[in-house]
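Working notes, beginning with the structure itself.
The values are calculated or read from the model by the stated rules, or taken from the named source; none is laboratory data. Just so it is clear, the structure is predicted and the values come from calculations on it, not from any experiment. Cβ atoms come from the backbone with ideal geometry, glycine included; neighbour counts cover every protein chain shown.
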2 protein chains.
Amino acid sequence: MAIQFHVDARHGNARSGRLVTHHGVIETPVFMPVGTAATVKGVPQDLLEELGVQILLSNTYHLYLRPGVEIVRRFGGLHDFMAWPRAILTDSGGFQVFSLNELRKVTEEGVTFRSHLDGSSHFFTPESAIEAQIGLGADIIMAFDECTEYPADRARARESMELTLRWAARSKKYFEEHKHETPWRFAGESGRNTQSLFGIVQGGMDLELRKESAERTIEIDFPGYAIGGLSVGEPRERTREVVEATLQYLPKDKPRYLMGVGTPEEIVEYSNLGIDMMDCVLPTRAARHGLLFTSEGKISIKQARYTEDEGPLDRNCGCLVCRSYSRAYLRHLYAAGEILAQVLNTLHNLSFYLDTMRRVRHSIQLGEESRFISEVWSRPKP
Amino acid sequence: MAIQFHVDARHGNARSGRLVTHHGVIETPVFMPVGTAATVKGVPQDLLEELGVQILLSNTYHLYLRPGVEIVRRFGGLHDFMAWPRAILTDSGGFQVFSLNELRKVTEEGVTFRSHLDGSSHFFTPESAIEAQIGLGADIIMAFDECTEYPADRARARESMELTLRWAARSKKYFEEHKHETPWRFAGESGRNTQSLFGIVQGGMDLELRKESAERTIEIDFPGYAIGGLSVGEPRERTREVVEATLQYLPKDKPRYLMGVGTPEEIVEYSNLGIDMMDCVLPTRAARHGLLFTSEGKISIKQARYTEDEGPLDRNCGCLVCRSYSRAYLRHLYAAGEILAQVLNTLHNLSFYLDTMRRVRHSIQLGEESRFISEVWSRPKP
């Protein structure tokens, strides 16, 4: 088999464990930084390793358009192309195509969309999305789904969920027939080196549809399950409600991945509900806009109040940014539009997220998860 | 005294030695990367240290405008402000103000100019430029000069040279009266911790004026001398001629700094003529435009021919970029407008320059400088 998942400790619904891949062991719950175009914007790969990143997420849609799947395949896959020795997960492109709004058209067969780069027309099907992901060679790849828009009425949510279920079956069929085509240099020798395809639960905000989607996705049988279709504009309480409801129908012995979430508070909260994997552009994107997460809340480094602040970004953070640089220097770099602002801010935010997840895992192992959550939620939010 | 300079080996006119500063020993000949706004664009300070950067150049004009000298002074100077433990040299602002063209007005007293940031009006004098540089606290600071424009007739070049000489005397006088105001935290305790002020030779492209400028600048007496007013549009052969002529009038026991030069070939050539210190934006600026220096010549990484090139940027380079990444990946990052392109390209170009200077020093020590120069000059230049 491709990946293995072991749960080592439980506390309430939360669990900590290990996801074993061909490119290393991932401790869960894990936060996956987003490296859209085969790079976490501004951060060299060796610094990501130093930060303790165990798995990155990269986007099939972007890589398909540029540099193109064929080029990556010839390099032996994304790991070799981007010189990243640890694990990678690719999304299927479904969510990105969904985000194009006016530029796409959905049929039973697949989705026609226009490139955000040059307006050229493209067609993704479950088969072509999996083919692309096999070419990219990530350790974990995702079924091609339709991300249901918000709001959607029940009829629309069911229709969309049914389409995603049919696409999930087609994704799996194509994967099973082609999974040995992974471009890893040593792939295929033992049969252990293939990729793993995860299924995605949809169903909009309707809890009964979520239950049905979960059960029928599990029938198709995947080595891991994602909860998709959230963070699409719904209120935060609704997200939590859907996650909690969906989780109870997902198998306890397989990894459970909540897509596109969230704030530091949310990644702690969802870990507590039993989520094992999460990803979000928030820490990296916010960093590039000067928004920094600290143990005392979020700060906007562009504010004039930091002009002469000799203190570190976060007194409780041991990252290389907080060890070396002052708030005043970071403020200066941001105000001057310096590239280094984006590099250092991204390093800090990622470090903060990864450190938060380290503490979550430790708390679960010690059975103190609830206390840690109260602590995180009680942080001031300026 | 502030700095000490020791020549350890000579070969022809070339020499290798050590410049001892309060912030470490600099092996010469040395190339100083440019960190205009208290940052070498895109590169964290710890990576600069790893590259072996021993001294950085930063720009008084830019720092005066943003974040302002007073803020840096309160931090104890640039070293503390930007968390850079090694040596720093600041220019006096003269060259930057000169570059503003239409926005400046020169009088005997000083220069009125408009900020390139917001158009606000400012006035620099030799006294205020030295005051600013004392506040910034670099190890080596520069006299305030007028960079003579090119072309300039003899009368104009003489007039400009005379002004620079009067400003040099005023710069020195102000410095001697205020040099103990250096904001370093431990400054003043032993008297060894003050800064060093270098004089600047001008005189346009006229070799007799250059001789006169050198002799009269030496009369004022500085611990080091710079050759200014070059790389202002003159042909490259002319630059070399002026450097060679000027060098013979500069004292052999003091460091000799050629400002704003040059290509990899030029830094080798000028080292051979007896220059000890150089700076240039070329490696860092070119990197941001995808122009990369290699042992086989300059390459433009944006070219389509690198799309599938699995080889390293430079087979003979051991920098972290060449060790880890392919040309195809670097080309992808550049084409996608990724920040990491600028970070990695800058790291490589700086590494190439620093490695070139390491080889120059080694060649001088072994007496093989001329052979090394032939080798550098015979590189293909695509």
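A few points about this structure:
- Filtered residues of segment A:71-104 (kept if away from chain B (no Cβ under 14 Å), basic (K, R) and under 18 Å from A:V34 (Cα atoms)): none
- Of all residues in segment B:281-291, at least one satisfies being free of Cβ contacts under 8 Å to residues at least 40 places away in the same chain, surrounded by fewer than 18 Cβ atoms within 10 Å (Cβ to Cβ), in a helix (DSSP H, G or I) and outside the structural domain of B:F222 (by TED's automatic domain parsing).
- Within the set B:V232, B:V243, the sole residue that is modelled with pLDDT under 95 and among the β-branched types (V, I, T) turns out to be B:V232.
- Those residues of segment A:123-145 which are assigned to a strand (DSSP E or B) and buried (at least 18 other Cβ atoms within 10 Å of the Cβ), in sequence order: A:F124, A:I140, A:I141, A:M142
- For first residues located in segment A:333-346 and under 17 Å from A:P312 (Cβ atoms), partners that are polar (S, T, N, Q) and lie 6+ apart or on another chain with Cβ distances below 8 Å form the pairs A:L333/B:T39; A:Y334/A:N345; A:L340/B:T39; A:T346/A:T284.
- Test: residue in segment A:60-73 that is surrounded by fewer than 19 Cβ atoms within 10 Å (Cβ to Cβ) and more than 29 Å from A:A286 (Cα to Cα): yes
- A:S160 being closer than 27 Å to A:P29 by Cβ, among the hydroxyl-bearing types (S, T, Y) and touching a residue at least 40 places away in the same chain (Cβ under 8 Å): no
- Of the candidates B:R361, B:R331, B:R323, the single residue that is at pLDDT 95 or above, touching a Phe, Trp or Tyr at 6+ places or on another chain (Cβ under 6 Å) and charged (D, E, K, R) is B:R331.
- In the set B:A328, B:A336, B:A304, B:A341, only one residue is within 14 Å of another protein chain (Cβ to nearest Cβ), under 30 Å from A:H116 (Cβ atoms) and either charged (D, E, K, R) or under 29 Å from the mean Cα position of the chain (by Cα) (or both); that residue is B:A341.
- Selection status of B:R331, outside the structural domain of B:P44 (by TED's automatic domain parsing), of a type in the set (D, E, K, R), surrounded by 23 or more Cβ atoms within 10 Å (Cβ to Cβ) and not in a loop (DSSP other than H, G, I, E, B): yes
- All of (1) within 14 Å of another protein chain (Cβ to nearest Cβ); (2) under 25 Å from the mean Cα position of the chain (by Cα); (3) of a type in the set (S, T, Y) hold for A:S370 with one exception: (1).
- Test: A:G68 is within 30 Å of A:P44 (Cα to Cα), within 14 Å of chain B (Cβ to nearest Cβ), modelled with pLDDT under 95 and out of contact with any helix residue (DSSP H, G or I) (no Cβ under 9 Å at 6 or more places or on another chain): no
- Between B:E70, B:E109, B:E102, B:E131, the distinction of being acidic (D, E), farther than 22 Å from B:L19 by Cα and in contact with a His (Cβ under 9 Å, 6 or more places away or on another chain) belongs to B:E131 only.
- Every listed requirement among (1) outside any helix (DSSP H, G or I); (2) closer than 26 Å to A:R73 by Cβ; (3) out of contact with any helix residue (DSSP H, G or I) (no Cβ under 8 Å at 6 or more places or on another chain) is met by A:T194 save one, (3).
- Any hit, segment B:279-289, residues being touching an Asp or Glu at 6+ places or on another chain (Cβ under 9 Å) and among the β-branched types (V, I, T): no
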